[in-house]
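The values are calculated or read from the model by the stated rules, or taken from the named source; none is laboratory data. A quick note: this is a predicted structure, and the numbers were derived from the prediction, not measured. Heads up, the Cβs are rebuilt from the backbone with ideal geometry, glycines too, and the neighbour counts pull from every protein chain shown. Keep in mind that these areas ignore ligands, DNA and RNA; they rest on the heavy atoms of the full protein, side chains included. Shrake-Rupley method; radii C 1.70, N 1.55, O 1.52, S 1.80 Å.
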Amino acid sequence: MKTELETSRELSVQIAEAIRDAIVSGTLIVDERLPSEAELAEKFNVSRPTVREALKRLAAQNLIRTQRGATGGAFVNRLRFEDAYGQQITTSTLLLSMNAVDFETACEARYALERACAPLSAKRRTGDHLATMRAEIHRQGQPGLSDEGFCASDVAFHRALVDGAGNPVLSYQLAGAIEAIEPLMNMITFSARSREQIVALHTRIADAIEAGDGAKADAALQALAAYTVELARDVAARKGG
């Protein structure tokens, strides 16, 4: 583990980076106990509060966990893909909002990624994935559903489609697309969309997934992508007028 620190950078950040790199490289393995605060302070030649701050950073990233008691201390966590969803979503949201990505670029990226999951989901989806999709379609058809509720249901429907692919790497990569890009797209298009049209397209997707027909699922997603772009253009035209 690298213990030499630069005086020009925050010490706790460098210590957290050194420990993280040791975890990534396998020098520190899952469930291994880290040296005590005192031992780390001596190793890095810093104060214990500085070490404590570094450990807080690592805990916030779910890389370590702390346990109390005589056999307690800080231990290396087994980071699961699901544990990293939040960071992926936050980063994607910030990147989109700070870099003025236009709607059609975001839409192209989101559906290109999701379409990669459609044929896999048609082959691998479980009954639970399909049941979630059907339940969300039913929910979307309820007349009393708020716009916020419809958006949440829309995200849940597409989350089930993506997770149905049975690939944890894709599910992680799509966290940003489904739970960051999609809500932002809904914020732009909700005033112009036809819920009936979206329900019909979602039903086409679910029917294709249930039938194991990846090509039809992909075609339905393409149709949904085209409709989404059309909605955004309609909203822009109204504002322009």
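Being in a loop (DSSP other than H, G, I, E, B) and among the acidic types (Asp, Glu) is the filter here, so list the residues in segment 61-109 that pass it.
Narrowing segment 61-109 to residues in a loop (DSSP other than H, G, I, E, B): 61-63, 68-72, 77-80, 99-102.
Hit for segment 61-109 is 102, nothing else.
Pick from 112, 54: which is open to solvent by 50 Å² or more (accessible area, probe 1.4 Å), of a type in the set (A, V, I, L, M, F, W, C) and either part of a helix (DSSP H, G or I) or under 28 Å from residue 177 (Cβ atoms) (or both)?
Working: 54 fails: open to solvent by 50 Å² or more (accessible area, probe 1.4 Å).
When all the criteria are applied, what remains is 112.
Sort through 179, 230, 210 and tell me the only one that's modelled with pLDDT under 95, more than 18 Å from the chain's Cα centre (by Cα) and under 19 Å from residue 115 (Cα atoms).
Step by step, each of 179, 230, 210 is checked, and only 230 is modelled with pLDDT under 95, more than 18 Å from the chain's Cα centre (by Cα) and under 19 Å from residue 115 (Cα atoms).
Take the conditions (1) of a type outside the set (S, T, N, Q); (2) at pLDDT 95 or above; (3) within 17 Å of residue 141 (Cβ to Cβ); residue 195 misses just one of them, which is (2). Considering only segment 154-161, I want to know if a residue exists there that is surrounded by fewer than 19 Cβ atoms within 10 Å (Cβ to Cβ) and in contact with a helix residue (DSSP H, G or I) (Cβ under 7 Å, 6 or more places away or on another chain). Yes - at least one qualifying residue is present in segment 154-161.
Close Cβ contacts (under 6 Å, 6 or more residues apart or on different chains) running from residues in segment 48-69 that are at positive phi to residues that are in a loop (DSSP other than H, G, I, E, B) and among the aliphatic types (A, V, I, L, M) comprise 62/79.
Just one of (1) in contact (Cβ under 8 Å) with a residue 12 or more places away in the chain; (2) of a type outside the set (Phe, Trp, Tyr); (3) closer than 20 Å to residue 108 by Cβ fails for residue 230. It is (1). Do we have residue 240 as small (Gly, Ala, Ser) and open to solvent by less than 60 Å² (accessible area, probe 1.4 Å) here? Answer is no for this residue. For the subset of segment 25-51 comprising residues that are loosely packed, with under 11 Cβ neighbours inside 10 Å and hydrophobic (A, V, I, L, M, F, W, C), which member is nearest to residue 72 (Cα to Cα)? Step by step, filter segment 25-51, then rank; the result is 38. Kindly evaluate residue 140 against the criterion of being among the polar types (S, T, N, Q) and open to solvent by less than 50 Å² (accessible area, probe 1.4 Å). Answer is yes for this residue.
Is it the case, given these coordinates, that residue 148 is within 23 Å of residue 112 (Cβ to Cβ) and either at pLDDT below 95 or outside any helix (DSSP H, G or I) (or both)? Break it down stepwise before answering.
Values: within 23 Å of residue 112 (Cβ to Cβ): no; either at pLDDT below 95 or outside any helix (DSSP H, G or I) (or both): yes.
For residue 148, the condition - within 23 Å of residue 112 (Cβ to Cβ) and either at pLDDT below 95 or outside any helix (DSSP H, G or I) (or both) - is not met.
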